[in-house]
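The values are calculated or read from the model by the stated rules, or taken from the named source; none is laboratory data. What you are looking at is a predicted structure, and each value in this text was computed from that prediction instead of being measured. Cβ sites come from the backbone with ideal geometry, for glycine too, and all protein chains shown count toward neighbours. Just the protein is used for accessible areas: all its heavy atoms, side chains included, with ligands, DNA and RNA removed. Shrake-Rupley method; radii C 1.70, N 1.55, O 1.52, S 1.80 Å.
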Amino acid sequence: MLGKSVYDGFLVDVQLAPVLLAKILGKELCAFDELALVDQDLYKSLTYVKHYKDSDDVADLELTFSVDEEFLGQINTVDLIPSGRSIKVTNENKIVYIHTMAQHRVVKQTKKQRDHFIAGFRSIISPTWLSLFSTHELQMLISGTTYDIDVGDLRKNTGLFFEILKFYFLFYSILWWISFKTSCNKMVMGNY
């Protein structure tokens, strides 16, 4: 449905994660950099591991290349690398651990849902057409710009209608009208 909205030029008030936008465009972003937007707590924990100084040996944390995940009330241990639950994280391999954990959380954990979402989006909008845009530009196509509303531009493009509106509606009524016209309370790209 999001692809159809973009195709038809309707704005949807949704902010997608840059990593998802990049995947839609067929691009790759650094999973660790994007982790802060996806899972702030895990990002802080991995940053702590990266800068661990207590005894100067990260092995004291007793981490392994595995993660426990809960699904439908059951906890499963997932190896981040082959035989990961038996490989300890040390100062020598902690950077590999951090990037592997971030890759798992940002990319692998949501792969099935993300692939179905992207397939649906691309069934409406050609990947060739999408390749023309950056992640920021695609987000603007989905939900409009984040700029403040330019009342002068609104007046110029709506003519007499704006003059009538200013007598009958307050500021929030104008915002409601913009939201009604564009299906989003953000500034549209181009003109009205």
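Please go through the range 87-137 and pick out each residue that is at pLDDT 90 or above and of a type in the set (Gly, Ala, Ser).
Ala102, Ala119, Gly120, Ser123
Looking only at the range 89-127, how many residues end up being in contact with a helix residue (DSSP H, G or I) (Cβ under 8 Å, 6 or more places away or on another chain) and either touching a residue at least 40 places away in the same chain (Cβ under 8 Å) or open to solvent by 70 Å² or more (accessible area, probe 1.4 Å) (or both)?
21
Hey, among the residues in the range 76-87 that are assigned to a loop (DSSP other than H, G, I, E, B) and out of contact with any Ser or Thr (no Cβ under 7 Å at 6 or more places or on another chain), which one's surrounded by the fewest Cβ atoms within 10 Å (Cβ to Cβ)? Full working, then the answer.
Applying the first criterion (assigned to a loop (DSSP other than H, G, I, E, B)) to the range 76-87 yields 80-83, 87.
Applying the additional criterion that residues be out of contact with any Ser or Thr (no Cβ under 7 Å at 6 or more places or on another chain) yields 82-83.
Numbers: Pro82: 8, Ser83: 10.
Going through the qualifying residues, I end up with Pro82.
Note down all Cβ pairs under 8 Å where the first residue falls in the range 35-46 and is among the charged types (D, E, K, R), the second is open to solvent by 40 Å² or more (accessible area, probe 1.4 Å), and they're at least six residues apart or on different chains.
Listed by first residue and then by second, the contacts come to Asp39/Arg105.
Where in the range 92-138 are the helices (runs of 4 or more DSSP H), entirely inside, with at least 3 residues that are of a type in the set (Lys, Arg)? Write out each step before concluding.
Details: elements: 94-103, 111-124, 127-130.
Filter on the range 92-138 gives 111-124.
Just one of Ala59, Ala17 is in contact with a helix residue (DSSP H, G or I) (Cβ under 8 Å, 6 or more places away or on another chain) and small (Gly, Ala, Ser); which is it?
On the way: Ala59 fails: in contact with a helix residue (DSSP H, G or I) (Cβ under 8 Å, 6 or more places away or on another chain).
Step by step, each of Ala59, Ala17 is checked, and only Ala17 is in contact with a helix residue (DSSP H, G or I) (Cβ under 8 Å, 6 or more places away or on another chain) and small (Gly, Ala, Ser).
Just wondering, is there one or more residues in the range 62-71 that are closer than 28 Å to Trp129 by Cα and aliphatic (A, V, I, L, M)?
Just the residues of the range 62-71 that are closer than 28 Å to Trp129 by Cα, to begin with: none.
No, because not a single residue in the range 62-71 is closer than 28 Å to Trp129 by Cα and aliphatic (A, V, I, L, M).
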